[in-house]
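Each remark here refers to the structure printed beneath this line.
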Amino acid sequence: MQYNRIAPVFSFEKKTLSPHIEGMKQGQYIILIIDDDEADRALFKNFLRRVNTDIPYVFHEASTGREGLAMYRELRPDCVLLDYRLPDTNGLDLLEDFAAITPILPVVMLTGQGSESIAADTIKHGAQDYLAKSIVTGEALQRAIVNTIDRARLLEKVESQHRELQKAKEKAEQKEKEAIRADRAKSEFLATMSHEIRTPMNGIIGMADLLSYTGLSEKQEKYVSSIRSSGEWLLTIINDILDFSKIEAQELELECRPLEVDQLLTEIIHLLGGRAAENRVELILRWPHDDILPVINADPGRLRQILLNIIGNAIKFTKDGHVLISVSRQGMEGNNIRLRFEVQDTGIGIPHDKLDKIFGKFTQVDSSTTRQYGGTGLGLAISKSLVEMMGGTIEVDSTLGKGATFRFEAAFPVLDNQIGLKPDYRDCLEGKKILIVDDYTLNLDLFSEYLAMSGIETTRASSGAEALEILRRTHKKGESCDAMIIDYVMPHMDGEMLSRRIMENPREFGNPRRILVTALGKRKNLESLGQAGFCAHLLKPVYPDALIGCVVAALKGSPAENLPEPAPENFPQVLPDFAARVLVVEDDRVSQRMAKSALSELGCTVDVAGNGREALALLEEKSEIYDIVFMDWQMPVMDGHEAIEKIRRSEWGRHMKIVALTANAIQGDREKCLRVGADDYMSKPVRLPEMIRILQKHLSGAPAKAA
């Protein structure tokens, strides 16, 4: 079958050039004709000259495949007119030889007889076009050349772009590999730096803890307290930097555990109470008095971190004022409750032009070298990231010189759809008269608001003297109040002094039931309450239900139920005695001494090994004598990971109690320790209360005695 690409035209009339061909005049085109028939070569040149003499073709000729290949390699022509059959080769083989020189072949294959199979093979081997000699015309030949040159150049451009894209892809892959290596190196650096910093911090804070139990004078206790608080502050900075790095590397994950918001807020406010007292700041909690918030599922540690950052900042930038913490329900979204937390202070405020930068990394309102307030500038950036990880939002409003208000919202799953029911005390409280005594107006407002919900009539006094005057006047009229709520810390006359004055003069002031409100949660500060005439006490922050319940109990003359206990102190007054045999595996000398001293104070007999290999040797010889092993994770010779694995593989080590110690504090450390076989995990610096908790948890019996 004859291959007819185009209809035959034998006219030699000069044609008008298309704009496309017209553009070719600007350059010179090298045409290589490879054909063993000299007459055909001459015919092709004549065709092209007759069709258009203006096109600057430069012709080169070859009569064999070998000659044509050499000329192709040297000339790199714009177009090749290639005969299909040559004396020393065929066109298809020659196309393969051309392809070894250039990937794009600007070739028009010419053959004596048209054949669809030959045409298909020609195109398959890389030629751009195919013409049968028997039907070729000048116009068809020129069109084929022009199209071949254009197509070849377009393909070269595409090929060039493909090569560039390939290079870019390889470069991107290389950068990705470098980024992965950099992230891995950063993680390793963070782990190493965390270990190197936390290890000496373990000695500083641990030894300060132990020193506080050695019968110090008041001045020495202040020095030890300063060492401890400075160590805790440095640890906070380290934690901020580590958290920031984990967030940047997307290595931080949130937990989901049951959480009671009121307990969390109580813990936070008690933790920050000392700092607030130093700045003479009143910490006030506005609790939703007409609502009971259910138990939620959340990450307690991270929610606590957000609130500590925001409330801690509010205290830091406030002097002689208050910080008001509010929590409220913003509605339900299915089984999720949307909560809003708001922290309002009366501090220095934030300039308007700084508000949009306040959540930036390493950003502070005052960034000068002489700035008054310290900090890394990471706390709010971390808080914003954590809130957003919880699916929430955070914002700030402020007026310079008048304070700032930070608020954030997030939705949390409700645990088992539980809904709390408030007890109704209206029947027993309706018409009762309560005198509230507090020098801080906001506390007076809140307590009055809480009590009014139960039908109580409230009277307010802002000082002890004013309270005595109200009592004197109302008692004289026979309208004495039923109970009093008295703040402990007030100027001129504190709560205890006021109560004693009332107790000493019942004929003048009456004898109302008295409830003390105090932020001083240590038991030793509450021992003299009964002697001062108080029947009950409440610890700040005061919750509505606790306040009303306490008033009900006081009026009934019965012990108040479910009142908040004094906040547990960080450090027990008396150390327990465990009488246990302990092996400490630790390479750092200071950490060895600290662990040995702490455990000895707790009645333990302690042996020390400097690395995993030494520990294995000791345990293989006398594993039965040890009740528990504290195993450092990062050590020379043999680390904790390998040592625990070897212990667990031995017959004697399968049931041994092992607690892993790590100074890395990187995401996944706890899981890694437990996965390899540790029974528990402690992060350095190890605190004495935490060590006591671990011993109580894992030793079979309770401590034998109190030291």
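The values are calculated or read from the model by the stated rules, or taken from the named source; none is laboratory data. Everything quoted here is computed from the prediction, not taken from an experiment. Here Cβ is always computed from backbone atoms with ideal geometry, including for glycine, and neighbour counts include all displayed protein chains. What goes into the accessible areas is simple: the full protein's heavy atoms, side chains included, and nothing from ligands, DNA or RNA. Shrake-Rupley method; radii C 1.70, N 1.55, O 1.52, S 1.80 Å.
Ordered by 1.4 Å accessible area with all protein chains kept, His322, His125 run largest first as His125, His322. Shown here for the range 424-500: GluC sites (Glu not before Pro) in loop regions (DSSP other than H, G, I, E, B) with at most 14 other Cβ atoms within 10 Å, namely Glu430, Glu479.
Averaged per residue, the range 449-511 has 53 square angstrom of accessible surface, using a 1.4 angstrom probe with ligands and nucleic acids left out. Stretched out straight at 0.36 nm per residue, the stretch from Glu651 to Thr102 would grow longer than its current Cα-Cα span by 190.6 nm. The slack between Gln330 and Arg581, meaning 0.36 nm per residue of separation minus the straight C-alpha distance, is 85.0 nm. How large is the Kirkwood hydrodynamic radius of the range 220-278, in angstrom, based on all distinct alpha carbon pairs? Its Kirkwood hydrodynamic radius stands at 14.3 Å. Overall, the accessible surface of the range 218-324 at a probe of 1.4 angstrom is composed of carbon and sulfur to the extent of 47 percent. DSSP finds beta bridges in the range 198-349, and of those with both partners inside it, around 70 percent are antiparallel.
If R0 is 60 Å, the Cβ-Cβ spacing of Ala179 and Arg500 corresponds to a FRET efficiency of close to 0.30.
Multiplying the residue separation of Glu267 and Asp37 by 0.36 nm and removing their Cα-Cα distance gives an extension gain of 72.7 nm. Under the simplified labelling scheme, the Cys256-Lys476 pair shows an inter-label distance of 6.6 nm, with each label point 7 Å from Cα along Cα→Cβ.
Given a 1.4 Å probe and the protein chains as shown, Met207 ends up with an accessible area of around 70 Å². Here's the list of aspartates and glutamates a cross-link from Lys540 could span, going by alpha-carbon distance under 13 Å and ignoring same-chain residues fewer than 8 apart: Asp262, Glu267, Glu282, Asp438, Asp487, Glu565.
Which of the residue pairs Lys124/Lys157; Lys316/Lys596; Lys171/Lys357; Lys384/Lys657; Lys402/Lys433 have a Cα-Cα distance greater than 28 Å in the structure shown? Those over the limit are Lys316/Lys596; Lys171/Lys357; Lys384/Lys657; Lys402/Lys433. The Ala452 and Leu211 beta-carbon pair, evaluated with R₀ = 35 Å, returns a calculated FRET efficiency of approximately 0.10.
The mean accessible area for residues of the range 157-300, using a 1.4 Å probe and ignoring ligands and nucleic acids, is 58 Å² per residue.
With a cut-off of 14 Å on the backbone N, the residues of the range 324-348 near the modelled label site 7 Å out from Asp445 along Cα-Cβ are 324-326, 344-346. Between Ala172 and Ile123, the simple label model (points 7 Å from Cα in the Cβ direction) yields a spacing of 3.3 nm. Globularity index of the range 434-491 is 1.08 (Cα radius of gyration / 2.2 N^0.38 Å, N = number of residues). Among beta bridges identified by DSSP and lying wholly in the range 398-513, the antiparallel ones come to about 15 percent.
Counting only protein heavy atoms and a probe of 1.4 Å, the accessible surface of the range 569-628 is 40% carbon and sulfur. Projecting label points 7 angstrom from Cα along Cα→Cβ for Glu469 and Ser230 puts them 4.9 nm apart. Largest first, the residues Arg304, Arg76 sort by 1.4 Å accessible area into Arg76, Arg304.
Please report how far the C-alpha centroid of the range 307-361 lies from that of the range 153-213, rounded to the nearest whole angstrom. If you average the Cα positions of each part, the centres end up 34 Å apart. In the assembled protein chains, Phe59 presents an accessible area of approximately 40 Å² (probe radius 1.4 Å).
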